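Down below is the structure, laid out as structure tokens.
Just so it is clear, none of the values below were taken in a lab; they were calculated from the coordinates. Remember, it's a predicted structure, so these values are computed and weren't measured experimentally. In this analysis, Cβ positions are derived from the backbone assuming ideal geometry, glycine residues included, and neighbour counts consider all displayed protein chains.
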Amino acid sequence: MQLSADKQQKELKSHGNYEFPVLVSEEVLALYERHSFRWHWHPEIELTYVREGDILYQINEQVYQLHAGEGLFCNTNALHTGRKLHAENCLYTSITFHPRIIYGYEGSCLQKNYVNPLLTQPALDSLFLSMDVTWQKEIIDSMQQIHKLYRDHETTYEFQIQQHLSSIWLSLYEHAFCPLKQNPHLSHTSKDMERLREILSYLEENYMEHITLEHIASHVGLCREECCRFFKKHMHQPLFDYLMYLRIEKSLPLLSQKNLSITEIAQQTGFSNSSYYSRVFREQLHCSPTQYQKRMK
């Protein structure tokens, strides 16, 4: 399987509903195609807790190696992706919630004084949570309690989850946001992330076409050399390596369609010919497109 997102990488899945904007899910990394979930973002906050195994998790330009017992805070609208770190599988809990569950209604003092300042702090797009730090351990403990409450649907579970989320938020505000507020030089601009999102959106919208470096660089107002340097700095891989990865990713669902040939799939995903498509496919998945089709069947 693979998560669904639009051409701007916004995830399409609903995270709870208006009455209770919280979603708690037990995730299994091996169930995702190639043991990785694609780059995406959403307006909700996401808390991740690793129950078993390891995962390589990237939020914007920051890469984390998460192991069992460790957690991660992902702020609103931050680009993020995850993939297999070692051979073994990874089981983790994802808690996604709209900040409205904390501040109540638009314009409240909680929103203005305690929620919005943290949401709009570029230096807090993510935060690693360790069991070795007391206040972070308390957050991880609360995440485990939220998981249990949501799973068991005990009486008043919504109210208790809201209490835990408020406690987590207050801890993040006191221990993570306030030090940044006192030391403004620790913050950084979000302009780079906006430009990165523009590049990713451009690739998502045009991967099936003939894309040149000039096209991409011009789209974001950079020269060719700076565009390559910028992408590799933030994504930790060359730009066209990512494009090849994206094109192969887009081809996988098409391989399950009986009415499409390998040549047609190659053409629909931006490859100049089926031979080139098959070569890149084999490099990434260690089998041919035809072998992959048979395995899917």
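Specify the angular offset, from 0 to 90 degrees and rounded to the nearest 10, of the alpha carbon long axis of helix 157-172 from the longest principal axis of the alpha carbons in the chain.
Long axis of 157-172 versus the principal axis of the chain: about 90 degrees.
Please give the length that would be gained between LEU31 and SER201 if that part of the chain were fully extended, namely 0.36 nm times their separation in residues minus their C-alpha to C-alpha distance (nm, one decimal).
Numbers: separation 170, 0.36 × 170 = 61.20 nm, distance 2.53 nm.
Stretched out fully, the LEU31 to SER201 stretch lengthens by 58.7 nm.
Using a Förster distance of 35 Å, how high is the FRET efficiency between GLN62 and SER272, based on the Cβ-Cβ distance and rounded to 0.05?
Using R0 = 35 Å, I get an efficiency of 0.50.
Hey, if you drop one equal point scatterer on each alpha-carbon of segment 191-296 and run the Debye formula without solvent, what base-10 log of I(q)/I(0) do you get at q = 0.13, 0.16, 0.18, 0.20 Å⁻¹?
-0.51, -0.72, -0.85, -0.98
Measure off 7 Å from each Cα along the Cα-to-Cβ vector at CYS223 and ARG83, then give the distance between these two points in nanometres to one decimal.
About 3.0 nm separates the two model spin labels.
What whole-number distance in Å separates the alpha-carbon centres of segment 225-297 and segment 88-102?
Value for the Cα centre distance between the two parts: 30 Å.
Report P(r) for segment 86-162: all Cα-Cα distances, bin width 10 Å, range 0 to the bin holding the largest distance, values in whole percent.
Here the calculated profile for segment 86-162 is 15, 35, 39, 10, 1.
Only counting other Cβ atoms within 10 Å, I'd like LYS233, LYS258 sorted with the fewest neighbours first. All intermediate terms of the calculation are to be shown ahead of the outcome.
Details: LYS233 11, LYS258 7.
Taking fewest neighbouring Cβ atoms as first place, the list is LYS258, LYS233.
Between LEU119 and HIS210, what FRET efficiency follows from the Cβ-Cβ distance if R0 is 45 Å, with the result rounded to 0.05? Display every interim value, and only then the final one.
Details: r = 39 Å, r/R0 = 0.87.
FRET efficiency, LEU119 to HIS210: 0.70.
State, as an integer percentage, the relative contact order of segment 191-296 based on alpha-carbon contacts under 8 Å between residues 6 or more apart.
Values: 79 pairs, mean separation 23.7, N = 106.
Value for segment 191-296: 22 percent.
How much length would be gained if the chain were fully extended between LYS137 and SER261, taking 0.36 nm per residue of separation minus their Cα-Cα distance, in nm to one decimal? Walk me through the numbers before you get to the answer.
Values: separation 124, 0.36 × 124 = 44.64 nm, distance 5.24 nm.
Result for the pair: 39.4 nm of gain on full extension.
Placing +1 on the Cβ of each Lys and Arg and -1 on the Cβ of each Asp and Glu in the chain, which of GLN257, ASN17, GLY221 has its Cα farthest towards the positive end of the resulting dipole?
It is GLN257, whose Cα lies furthest towards the positive end.
Kindly put ARG197, ARG279 in sequence by how many other C-beta atoms sit within 10 Å of each C-beta, fewest to most. Show your work: numbers first, answer last.
Numbers: ARG197 19, ARG279 13.
Ascending Cβ contact count within 10 Å gives the list ARG279, ARG197.
Percent relative contact order of segment 22-186, based on C-alpha pairs within less than 8 angstrom and at least six residues apart? Don't jump to the answer; show the numbers that get you there.
Details: 285 pairs, mean separation 39.1, N = 165.
Over segment 22-186, the number comes to 24 percent.
Specify the longest stretch of the chain that does not include any exposed loop site, a site being one of the chymotrypsin sites (Phe, Trp or Tyr not before Pro) with a non-H, G, I, E, B DSSP assignment and at most 13 other Cβ atoms within 10 Å. Working shown, then result.
Values: sites that count: TYR18, TYR105.
The segment 106-297 is the longest one with no such site.
Report, please, the projected area of segment 22-186 averaged over directions, based on the convex hull of its C-alpha atoms, in nm². Before the final figure, lay out each step's value.
Values: hull surface 39.1 nm².
Computed as one quarter of the Cα hull surface, the answer is 9.8 nm².
What ranking do VAL280, VAL28 get, fewest neighbouring Cβ atoms within 10 angstrom at the top? Working shown, then result.
On the way: VAL280 17, VAL28 14.
With the fewest neighbours first, VAL280, VAL28 line up as VAL28, VAL280.
Between THR263, THR93, THR76, where does the largest GNM mean-square fluctuation fall for the chain, given springs only between Cα atoms within less than 10 Å?
Maximum among the listed residues: THR263.
What is the angle, in °, between the Cα long axis of helix 224-235 and the longest principal axis of the Cα atoms in the chain? Nearest 10 is fine, range 0 to 90.
50
Would you kindly compute the Cα radius of gyration of segment 8-101 and its largest Cα-Cα separation (Dmax), both in Å?
So, for segment 8-101, Rg and Dmax equal 12.8, 40 Å respectively.
Going by alpha carbons, how many degrees (0 to 90, nearest 10) lie between the helix axis of 134-152 and the longest principal axis of the chain?
Helix 134-152 and the main axis of the chain meet at about 80 degrees.
When only C-alpha pairs under 8 Å and at least 6 residues apart count, what is the relative contact order of the chain, in percent?
Values: 438 pairs, mean separation 43.0, N = 297.
Relative contact order comes out at 14 percent.
Compactness ratio of the chain: Cα Rg over 2.2 N^0.38 Å, N = residue count?
Details: Rg = 20.7 Å, N = 297, 2.2 N^0.38 = 19.1 Å.
Normalised by 2.2 N^0.38 Å, the Cα Rg of the chain equals 1.08.
Once R0 is set to 51 Å, what does the formula 1/(1 + (r/R0)^6) return for the Cβ-Cβ distance between GLN291 and CYS178, expressed as a FRET efficiency to the nearest 0.05?
Numbers: r = 55 Å, r/R0 = 1.08.
E between GLN291 and CYS178, to the nearest 0.05, is 0.40.
So what is the 222 nm mean residue ellipticity for the chain from helices alone, if each DSSP H run of at least 4 adds -39500 (n - 2.57) and you divide by all residues, rounding to the nearest 500 deg cm²/dmol?
-13000 deg cm²/dmol
Which value, in nm² and rounded to one decimal, describes the direction-averaged projected area of the C-alpha convex hull of segment 57-107? Intermediate values should be presented prior to the final figure.
On the way: hull surface 18.4 nm².
Quarter of the Cα hull surface area: 4.6 nm².
What's the center-to-center distance, using Cα atoms, between segment 117-132 and segment 17-82 in Å?
If you average the Cα positions of each part, the centres end up 14 Å apart.
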